[in-house]
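Reviewing the structure listed below.
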Amino acid sequence: MSDTEWSNLSTEDRRFPPPPELVAEANVTAETYARAAEDPDAFWAEQARRISWGTEPTESLDWSNPPFAKWFADGTLNAAYNCLDRHVEAGLGDRVAFHFEGEPGDSRALTYAELTREVCRAANALTALGVRAGDRVAIYLPMVPEAVVAMLACARIGAPHVVVFGGFSADALSTRILDCGVEVVITADGGYRRGSASALKPAVDAALEKCPDVRSVLVVQRTGQETAMTEGRDIWWHDALAAESDQHTPEMFPAEHPLYVMYTSGSTGKPKGILHTTGGYLVGTSYTQWATFDLKADRDVFWTAADIGWVTGHSYLVYGPLSNATTSVMYEGTPDTPHQGRWWEIVEKYRVSILYCAPTAIRTFMKWGADIPARHDLSSLRVLGSVGEPINPEAYVWYRENIGGGRTPVVDTWWQTETGMHMITPMPALSVGKPGAAMTPFPGVSIDVVDDEANPVANGHAGLLVITKPWPSMLRTLWGDDQRYVDTYWSRFEGLYFAGDGAKRDADGDIWLLGRVDDVMNVSGHRMSTTEIESSLVSHPKVAEAAVVGATDETTGQAIVAFVILREDAEAGDDIVAELRAHVAKDIGPIARPRSIMVVPELPKTRSGKIMRRLLRDIAENRALGDVTTLTDSSVMDLIKDKLPSAP
Ligand code: 6R9
């Protein structure tokens, strides 16, 4: 059996055609795909006209020095102007840009006019601190509007921002500050999380002990808690902004001017600083947000329930929505504070029409039970999105039925920090949805599934996901490490971008993601996808979440070990393990039956909701735990170990 012959036997044949009222007003039609396929360069040049340029670009892609792409290279623009001023100039100043909902229940609406003035003040304040175009600024904030203001102020003056997730440690922050040569940091006293104020500033103080080059720290006051300020270095954000004018003339920057660096963990070694530049990134995020969610900016209320410290927050909470003059919701806290219906209360309050979140959130809501969303009026919702991991068919159908009232299409969007924008997704007003499948390459994007020799696989087969042509919002390199960029993404196959994900094409040629290639299991010579076995477990009525790993096994090479979280109303019972093993064997085949199944209270996750299977493998193989610094909550590993009867 060749390395890329996967055993994928599961079948899913439920289908959901698009609702007629969406079809009648579809943003994207079959003709869009045809036009994009015929001439991708011309197609992207057409999309570039969504953006307001200082100097219009005369060409789309410059691929003369692969794999280092340039897009719209002779154009100039200002990203903040595109997200703010131009909407105010067009008479949309009074439109709400953000309905901010704080965890304690405070709320605040910011119009485009107000946001523009705040960003101008902040841009002036950064300039006064000596920040110049090209200087990197770190942003370490909770989910508050100032995070958006800070990002756009940086963009406005051409200073690439480096947003570090507020849940990361002082160590993670200092590593990123040092790698990126940051001299100015924007943070807050603290933020609200799980019902109480949690401090942020002490982590900055600790991080900066290792970062002597940081000369200024702007501190947003969010919680009002006691905060130590270092004389000569720390300044309150509100004082700095109050001292500045709310007028600022945006400078036009070349399209390839760096917009931001976002760090993402590699499978080995230090985090990778993904570099995005201005023109292509803005065209890509703007067009995809409009197309994938069938956005009607004059009436939709859009909610990306993701942290700003994740690429989803950058592309679909900030740059995409704002460039399209969208009204968005921004929520600070956790979904169960003060009660498990908080999200649905927010949907009802703001009449949210498009909701975009991660499968992990959906599975958590499944665990809590359908009666909780049922208590709220969710009739405003018309499109639902998913991102971050493969969405199990059962979670997809639950989402559609219990959140979307059985009306709403679900778009499962596959993309990466590196791609900057959606790359594979159905279209809500066109596709006949298949639960669990991301389905179709985005118009103007070229995707393939190949075997180990880079040959495209036939329909019905699985292999490795590659991107075969450059796209506007692709990463340009890894910060300070061109060689690692080439090695990581462009060396596996000549001329193809290697995404690191497994995928299969079904009989119709539609794409199903199978999980990271480094998570793939090999059991008695069968290459098995963690995703498919997890989906089978989640399809059992008693299971809310599942994580599957391959543990070394003397006879089979690897053995399937599963960790499951039961639904809140499920009776565990003594025979649950036998019941679940039999269920998988029946659903997929005896080869997929897990060797052992452990019922656990929590699973280790990253900030973007990805299960850290590496840590579960450590447990399954009885090893000391590896690095836990990117876990949202490192105590879950103790919780899991405590609950285990006996690790195999
Ligand atoms: C946006 C984001 C990228 C990795 C990616 C893949 C997984 C994301 C997915 C998905 C299946 C989807 N992933 N979306 N897998 N279906 N719809 O998540 O970026 O944090 O860089 O992660 O996430 O494995 O390679 P990032």
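The values are calculated or read from the model by the stated rules, or taken from the named source; none is laboratory data. Please read all numbers here as calculations on a predicted model, not as lab measurements. All Cβ positions, glycine included, derive from the backbone under ideal geometry; neighbour counts span all protein chains shown. In case anyone asks, the SASA skips ligands and DNA or RNA and just uses the protein heavy atoms, side chains included. Shrake-Rupley method; radii C 1.70, N 1.55, O 1.52, S 1.80 Å.
Descriptive notes on the structure:
- Pair list, Cβ under 9 Å, 6 or more apart: segment 214-227 residue on the phi > 0 side of the Ramachandran plot, other residue acidic (Asp, Glu): Gly224/Asp189
- Among (1) open to solvent by less than 30 Å² (accessible area, probe 1.4 Å); (2) over 24 Å from Tyr112 (Cβ atoms), the one test that Val283 misses: (2)
- Of the strands (runs of 3 or more DSSP E) lying entirely inside segment 105-197, those containing at least 1 residues that are touching a residue at least 60 places away in the same chain (Cβ under 8 Å) and crowded, with 22+ Cβ neighbours inside 10 Å are 137-140, 161-163, 190-193.
- Count - residues of segment 475-499 that are farther than 20 Å from Pro426 by Cα, in contact with a helix residue (DSSP H, G or I) (Cβ under 9 Å, 6 or more places away or on another chain), surrounded by 18 or more Cβ atoms within 10 Å (Cβ to Cβ) and not aromatic (Phe, Trp, Tyr): 5
- Pairs where the first residue, in segment 545-563, is free of Cβ contacts under 8 Å to residues at least 60 places away in the same chain and of a type in the set (Ser, Thr, Tyr) and the second is open to solvent by 10 Å² or more (accessible area, probe 1.4 Å) and assigned to a loop (DSSP other than H, G, I, E, B), C-beta under 6 Å, 6+ apart: Thr556/Ser524
- Any hit, segment 573-596, residues being within 16 Å of the ligand (Cβ to nearest atom) and either hydrophobic (A, V, I, L, M, F, W, C) or in a helix (DSSP H, G or I) (or both): no
- Breaking point among (1) modelled with pLDDT of 95 or more; (2) of a type in the set (A, V, I, L, M, F, W, C); (3) open to solvent by 10 Å² or more (accessible area, probe 1.4 Å), for Leu259: (3)
- Candidates Glu532, Glu545, filtered to the one that is at pLDDT 90 or above and either surrounded by 20 or more Cβ atoms within 10 Å (Cβ to Cβ) or not assigned by the TED database to the domain that holds Leu616 (or both): Glu545
- Filtering segment 296-313 to residues that are over 21 Å from Glu103 (Cβ atoms) and within 16 Å of the ligand (Cβ to nearest atom) leaves only Val311.
- Lone unmet requirement of (1) open to solvent by less than 10 Å² (accessible area, probe 1.4 Å); (2) touching a residue at least 40 places away in the same chain (Cβ under 8 Å); (3) assigned by the TED database to the domain that holds Thr278 for Gly463: (3)
- Of the residues Pro426, Pro390, Pro409, the single one that is at pLDDT below 95 and within 15 Å of the ligand (Cβ to nearest atom) is Pro390.
- Residue selected from segment 314-344 under the condition surrounded by fewer than 24 Cβ atoms within 10 Å (Cβ to Cβ) and small (Gly, Ala, Ser), by the criterion farthest from the ligand (Cβ to nearest atom): Gly341
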